[in-house]
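See below for the structure under consideration.
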């Protein structure tokens, strides 16, 4: 499921959140097996992505803050997956990273479209 094409058409933040919860559901078992610390780390990563979706949906937040947060979150996902690849294996973590990256890219694309729509309506 990783790679381009994992994410179907996105029509809003609720679709992105649904996809994020699907990722969480599919991968949480692997982190649960490592213990409560790993499960908590994974939950924190998912919460950070969810918070980023809130940030994108907030029209009062400056676009530079949104883009900076996007870059930081991609770095965090990379570091998280690199760290846990030691115990869960590189293929699983590469797949998780690819799915989260694709979700983040879709979120940025959705946000850009919303910005254009808002400008056209003015």
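Each value in this text was obtained by applying a stated rule to the coordinates, not by laboratory testing. Because the structure is a prediction, the values reported are computed rather than measured. As a convention, Cβ positions derive from the backbone with ideal geometry for all residues, glycine included, and neighbour counts pool all protein chains shown.
Tabulated values for the structure
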{"item": "Taking 49, 13 and counting other C-beta atoms within 10 Å, the order from fewest to most", "result": "13, 49"}
{"item": "Average Cα contact separation per residue, segment 13-121, under 8 Å, 6 or more apart, as relative contact order %", "result": "32 percent"}
{"item": "Estimated FRET transfer efficiency when R0 is 25 angstrom, pair residue 114-residue 78 (beta carbons, to 0.05)", "result": "0.40"}
{"item": "Sites residue 26 and residue 61, calculated FRET efficiency, Cβ-Cβ separation with R0 30 Å, nearest 0.05", "result": "0.50"}
{"item": "Cβ-based exposure ranking for 79, 24, in which fewest neighbours within 10 Å come first", "result": "79, 24"}
{"item": "Residue exposure sequence - 23, 108 - by fewest surrounding Cβ within 10 Å", "result": "108, 23"}
{"item": "Simple spin-label estimate for residue 15 and residue 44 in nanometres, 7 Å along Cα-Cβ", "result": "3.2 nm"}
{"item": "Percent of C-alpha pairs per 5 Å bin, segment 13-121, short to long", "result": "2, 11, 23, 24, 17, 11, 7, 4, 2, 1, 0"}
